[in-house]
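Structure first, commentary second.
Nothing in this text is a laboratory measurement; each read-out follows from the coordinates by a stated rule. Just so it is clear, the model here is predicted, and its values are computed rather than measured. So basically every Cβ, Gly included, is an ideal-geometry build from the backbone, and we count neighbours across all protein chains shown.
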Amino acid sequence: MGKIRIVKGDKSERKLSWWHKLYFPVIFKGMWYTLKLMFRKKMTVEYPEERFHLGPEFRGRPVLVEENGKERCVACGLCARVCPPLAISMQAAETDDPKERYPLWFEIDMLRCIYCGLCEDVCPEEAIVMSPEYDFVFTSRAEAIMTKEKLLVPKEKLKERLEFLAKYRNPNYGKNYQFLRSNNIHSLKDYSQQS
Ligand code: SF4
Ligand code: SF4
């Protein structure tokens, strides 16, 4: 076995002064910093007892907008077509409403959803939007399938997000493919209102 060679007086070794060897100054410096932070505004919340609001730009669970007791959705299928992980499926049916079509059933598989927001982006009716909901749990795969009943949320509860979309999305909506609102005669959505 080789011997371990100890080199004394290595020049790279840091020399400590007697002041540094005391260690108390750095300990007090650290304690002073901790004390200062104790009186600063708290940056943490005691979740789940305390809830936090992430603002209208946050993309939580996608939901279907309910207006006057009905879904806005016209079952056009655009959201299902654009969804990258193919999380959306639906069955269209006919109705006597001016919108003519509605989803007989509509499902989002939340085990697939990646919260990209593309479904919201393409929807011509603002019928599917990203809600502020960020904490929901499933205990089985079946529970992760959000049916139409679980997806429907009244418009009033999504006001903040709808206003955000009206401000940032709507002015550019359809710009690249010349979509005209006036052509959308089958909508139940009141376009005279911003949300
Ligand atoms: S894009 Fe909008 S209107 Fe079309 S099926 Fe999806 S949610 Fe319904
Ligand atoms: S947020 Fe993205 S992944 Fe989730 S349902 Fe919409 S398009 Fe699909």
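Figures for the structure shown
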quantity	calculated
Kirkwood-type radius of region 62-183, with distances r between different C-alpha atoms, in Å	15.0
Cross-link pairs beyond the 19 Å C-alpha cut-off, checked among Lys70/Lys155; Lys42/Lys157; Lys70/Lys99; Lys70/Lys157	Lys42/Lys157
Residue (of Ser131, Tyr102, Gln91) at the positive-pole extreme of region 64-148, dipole from beta-carbon charges	Gln91
Backbone HN-Hα couplings from phi across region 42-48 [Karplus 6.51/-1.76/1.60, Hz, Gly and Pro as x]	5, 9, 10, 10, 8, 5, x
Student exercise, region 62-183 dipole from Lys, Arg, Asp, Glu Cβ charges, in Debye to nearest 20	380
Gain on full stretching of the segment that runs from Asp96 to Asn172 - 0.36 nm per residue minus C-alpha separation	24.2 nm
Full-stretch length increase - Asp109, Trp32 - with 0.36 nm per residue and alpha-carbon distance subtracted	22.6 nm
